[in-house]
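This report refers to the structure that appears directly beneath it.
Please treat every number below as a calculation from the coordinates, not as lab data. This one's a predicted model, so the numbers in the text were calculated from it and none came from an experiment. When we count neighbours, we look across all protein chains shown, and the Cβ atoms used for this are built from the backbone with ideal geometry, even at glycine.
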Amino acid sequence: METRAGVHEKGRFSLLEMIKSAKNQPYFKKAGAIALFIGLVREETLKGEKVQKLRLEAYEEKANEVLASICSDLEKRQGIVAVQIHHLLGEFRVGEDLVYVLVAGSHRKDVFPVLEEAVERYKKEVPIFKKEYIADEKGKATSYWVTEHKAQ
């Protein structure tokens, strides 16, 4: 069964699983291009603080509902064959994957704008919450919660 969208505990879903899932669907024969976005933990916050780690949590039922709705909406676009969004939850170190977004379409020109919109929409619409563990310039550690839509 295809998993089109959802939140998953870290380690329980992979980029390769997502790609295989898309390629194994009957609709995939219409695709001429796949575009992927992989969101990562970056080393610095937008304020220049050094990130030690992140903790991501979600209102899972609502997050799954909203992610599926975004995918369904974007799949109605001309030339789009499939959209998948999978966000990981748990504790993450710098450089680790946080989110996978896949857009398959008839032609490459169709997929890139939809990929960008999918990323912007999940960041604004999905109830995912991030706790940043940071260190200031003197090495003092602290942490705070930031909602995804405010962390752009």
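Annotations
- Over 19 Å (Cα to Cα) - which of Lys30/Lys62; Lys53/Lys140; Lys62/Lys123 fall in this group: Lys30/Lys62
- Put simply, the amide H of His8, placed in the peptide plane, has neighbours under 5 Å in His87, Leu88, Leu89, leaving out anything fewer than 5 places away on its chain.
- Taken one residue at a time, the phi angles of region 45-58 give Karplus couplings (6.51, -1.76, 1.60, θ = phi - 60°) of 6, 5, 8, x, 7, 7, 7, 8, 6, 10, 10, 10, 10, 8 Hz. Gly and Pro are set to x.
- Only Lys, Arg (+1) and Asp, Glu (-1) charged, at Cβ; the chain dipole about Cα centre in debye: 280
- Cα shape, region 57-116, gyration tensor, a/c 1.5 rule: oblate
- Charged neighbours of Gly105, selected by a Cβ distance under 11 Å, balance to +2 (K, R count +1; D, E count -1).
- In sequence order, calculated HN-Hα J values of region 61-69 (Karplus, 6.51, -1.76, 1.60; Hz; x Gly/Pro): 4, 5, 4, 4, 5, 5, 4, 4, 5
- Only helices enter this figure: runs of n ≥ 4 DSSP H residues, each worth -39500 (n - 2.57), summed and divided by the residues of the chain, yield -9000 deg cm²/dmol at 222 nm to the nearest 500.
- Sorting the segments 72-79, 101-108, 41-48 by their mean number of nearby beta carbons within 10 angstrom, highest to lowest, gives 101-108, 72-79, 41-48.
- Working note: Debye formula, equal point scatterers on the alpha-carbon atoms of region 9-135, no solvent; log10 I(q)/I(0) at q = 0.15 Å⁻¹ is -0.72.
- Cα gyration tensor, region 24-73 - rounded (a/c under 1.5), prolate or oblate: oblate
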